[in-house]
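One structure is given below, encoded as structure tokens.
The values are calculated or read from the model by the stated rules, or taken from the named source; none is laboratory data. Since this is a predicted model, take the numbers as computed values, not measurements. Here Cβ is always computed from backbone atoms with ideal geometry, including for glycine, and neighbour counts include all displayed protein chains.
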Amino acid sequence: MTPDPQRPTGDTEFIPDLPERLAGLAREGAAVVVATVVSRRAPVSAQVGDKALIHADGRMEGFVGGACSREIVRRQALLALQGGQARLVRIVPGAAPDAEHAFAERVTVPMNCASEGQSEVFLEPLLPPRLLVVVGHTPVARAIAAHAGLMGDRVWRVLDDDEVPDEPEAVPLGALTARLAALPAAQRARVRSVVASQGHYDETAIEALLRAQPNPVGLLASARRAATVRDTLRVLSGFSDADLDRIRAPAGLHLGARTPHEVALSVLAELVQLDRAGHGAAPLPVPAAPEAEPTTLPPAAGSTPPAAPTGLAAQVMGLTELPVLTGDSAVDPVCGMTVTLPAKHTADHAGVTYAFCCPHCKARFLKDPARYLTPS
């Protein structure tokens, strides 16, 4: 049989061992639609109970009708996958078509091929659970995580490495890049994230999130603070303006929220709004900064582990490798704050190592060291 040039590569008419196939797709974190013929009026080639799997790339396995019905089901399945909810598709010759919408529950599609029969196909999207990454050891971060759990999301609480002993189930910030990289691609595409550390390690977390997953990153901060974070990342991590445009700040809808739980409500409401509006589609991954190694999936068991990350994340993960200044403390040359040693943020200039209280001070120093080393 001559291959159909319109059919995606990999289309088949059979699904061997459907339960096992579905279990395997779930383990892979893949998104798929199960199509089932639930009614028919002859003459049609499909029978009640016939099934097909439609993958996110449009590839189809199984049989739910002839060439025209197959393409109708394929298109409607991809719309159902986009909306994330089931739908009933009526395929009727000569019918007036319903408007296409990702969130339609019941649609009628005209059969334009030479057929007098009609059928109804039930489409059930099976999506990996959305993963919400919540960064911060703050009341707002705890509230966001709690409410997201009630919504059925998987939640990762991400804390600075020295905060993890307080919450042993949390993900250490230094391990975030590797944990995200280990996810199947389909699951990374459904990652949502909110950085609510409120200034403690915003830049470090955002760098890891931008590099390891393709979606926007919400930042709980004022517009002024968000601008500072973007500027710091531009200097220290090499991100372009296009990369930094993925930072959504201030995160949350403008509800007049004041308490942590009210702020959590506004943040999660915005995520729902974005998903329902279809703005959650994953853009292209952020390219690695000039001096950073690109993020790759972890190797198979028994192989060489991935290289340690660079940039701000490396500073958090490798404190013992940082230059250690003499004494127990140093003065940040930018803001004058006393910094306890060993410091998380350091920079070498003219053979001298300087310590900083935060990435922002380090970025300002590197822009113009002479400004901060000239006696006033």
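General remarks:
- All positions within the stretch 17-58 that are surrounded by fewer than 16 Cβ atoms within 10 Å (Cβ to Cβ), in a loop (DSSP other than H, G, I, E, B) and of a type in the set (A, V, I, L, M): Ala42, Val48
- Among (1) at pLDDT 90 or above; (2) within 25 Å of Ser266 (Cα to Cα) - the single one Thr177 does not satisfy: (2)
- Residue check, Gly83 modelled with pLDDT under 90 and more than 31 Å from the chain's Cα centre (by Cα): no
- Check on Ala221, part of a loop (DSSP other than H, G, I, E, B) and either more than 17 Å from Leu244 (Cα to Cα) or at pLDDT 90 or above (or both): yes
- Count of the stretch 59-73 residues which are among the hydrophobic types (A, V, I, L, M, F, W, C) and either in a loop (DSSP other than H, G, I, E, B) or more than 33 Å from the chain's Cα centre (by Cα) (or both): 4
- Single unsatisfied condition, Leu253 versus (1) free of Cβ contacts under 8 Å to residues at least 24 places away in the same chain; (2) in a helix (DSSP H, G or I): (2)
- Of all residues in the stretch 74-101, those satisfying the criterion of being assigned to a strand (DSSP E or B) and either over 21 Å from Lys51 (Cα atoms) or among the charged types (D, E, K, R) (or both) are Arg87, Arg90, Pro93.
- Test for Ala182: is it on the phi < 0 side of the Ramachandran plot and at pLDDT 90 or above: no
- Every residue from the stretch 168-195 that is surrounded by fewer than 22 Cβ atoms within 10 Å (Cβ to Cβ) and assigned to a loop (DSSP other than H, G, I, E, B): Pro168, Glu169, Ala170, Ala182, Leu183, Pro184, Ala189
- Filtered residue count, the stretch 102-122, keeping only those that are in contact with a helix residue (DSSP H, G or I) (Cβ under 8 Å, 6 or more places away or on another chain) and either part of a loop (DSSP other than H, G, I, E, B) or surrounded by fewer than 16 Cβ atoms within 10 Å (Cβ to Cβ) (or both): 6
- Among residues of the stretch 214-237 that are outside the structural domain of Val267 (by TED's automatic domain parsing) and over 10 Å from Arg248 (Cβ atoms), none has a Cβ under 9 angstrom from a residue that is of a type in the set (S, T, N, Q) and part of a strand (DSSP E or B) at a sequence gap of 6+ or on a separate chain.
Results for (1) in contact (Cβ under 8 Å) with a residue 60 or more places away in the chain; (2) more than 27 Å from Leu271 (Cα to Cα); (3) not assigned by TED's automatic domain parsing to the domain that holds Asp202, shown as yes or no for each residue.
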| site | (1), (2), (3) |
| --- | --- |
| Ser45 | no, yes, yes |
| Glu61 | no, yes, yes |
| Val89 | no, yes, yes |
| Ala95 | no, yes, yes |
| Asn112 | no, yes, yes |
| Ser115 | yes, yes, yes |
| Ser119 | yes, yes, yes |
| Val135 | yes, no, no |
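- Restricting attention to the stretch 256-265, the residues that are small (Gly, Ala, Ser) and either under 19 Å from Asn215 (Cβ atoms) or in contact (Cβ under 8 Å) with a residue 40 or more places away in the chain (or both) add up to 1.
- Test for Ala181: is it of a type in the set (A, V, I, L, M, F, W, C) and more than 21 Å from Ala26 (Cα to Cα): no
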